[in-house]
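Nothing in this text is a laboratory measurement; each read-out follows from the coordinates by a stated rule. Given the structure is predicted, the values throughout are model-derived calculations rather than measurements. Here the Cβ is made from the backbone with ideal geometry for all residues, glycine too, and neighbour counts use every protein chain on show.
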Amino acid sequence: MSAAGSGRRAAGTEDTLRLFVACDLPADAAAVVDRWQAAELSPHEELRVARTLHVTLCFLGSVAESRVADITSALGALALPALPTALGEALFLPAHGAKRVVALRLADDSGALAATQRAVSDSLAALGVYTAERRPWLAHLTVARYRRPGHPFSLQNVTVGAVGLPSVILYASHLERGGAVHTPLATFPTPA
């Protein structure tokens, strides 16, 4: 691991990394979403448009760097299914109250996305590096974040046909002034 990806270290403590597990969109689908973001979201000054497009399965937060090998082994042991999906309507999250996120719902007709998220969550919880969230997981793609909590507005739908998510990726996230920089640490291909 490079020092750039490491977290801050207090005297006598171990280096940490800010980790999450996600699936990237295929490049052609990401290009369509990028054009849609430019047309539909960029004109709204109250938003920070997401530059990296991924479906987060589990956000681990700060984890000791020495645990990365254990996490990689656990994820590598999972039997990953094909992950077909399609992008659906825009969502403003959270469902109640002032909004913080603009997202696109993902179809999960086969249940493979939810099953994969559950398997990843259970595996990482068993290692003691993740605590499952209380609320049910929502298959979605974050496309923008509000600078300050705001309100929904009218959006045209993005038109992307069915896609398959090609892999599950363990990422390190380093917070910088311009936003988070995501570095892939390990990739686990899914069947086509």
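Tabulated data for the structure shown
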| item | result |
| --- | --- |
| Residue that is out of contact with any His (no Cβ under 8 Å at 6 or more places or on another chain), surrounded by 17 or more Cβ atoms within 10 Å (Cβ to Cβ) and farther than 24 Å from Asp70 by Cβ, where the choices are Leu113, Leu104 | Leu113 |
| In the stretch 141-157, residue farthest from Leu83 (Cα to Cα) [restricted to those that are surrounded by 14 or more Cβ atoms within 10 Å (Cβ to Cβ), of a type outside the set (Phe, Trp, Tyr) and in contact with a Lys or Arg (Cβ under 9 Å, 6 or more places away or on another chain)] | Gly150 |
| Of residues in the stretch 11-62 being polar (S, T, N, Q) and closer than 24 Å to Pro152 by Cα, the one surrounded by the fewest Cβ atoms within 10 Å (Cβ to Cβ) | Ser42 |
| Residue, surrounded by the fewest Cβ atoms within 10 Å (Cβ to Cβ), within the stretch 80-96, restricted to residues that are touching a residue at least 24 places away in the same chain (Cβ under 8 Å) and assigned to a loop (DSSP other than H, G, I, E, B) | Ala82 |
| Ser73 being free of Cβ contacts under 8 Å to residues at least 24 places away in the same chain and surrounded by fewer than 20 Cβ atoms within 10 Å (Cβ to Cβ) | yes |
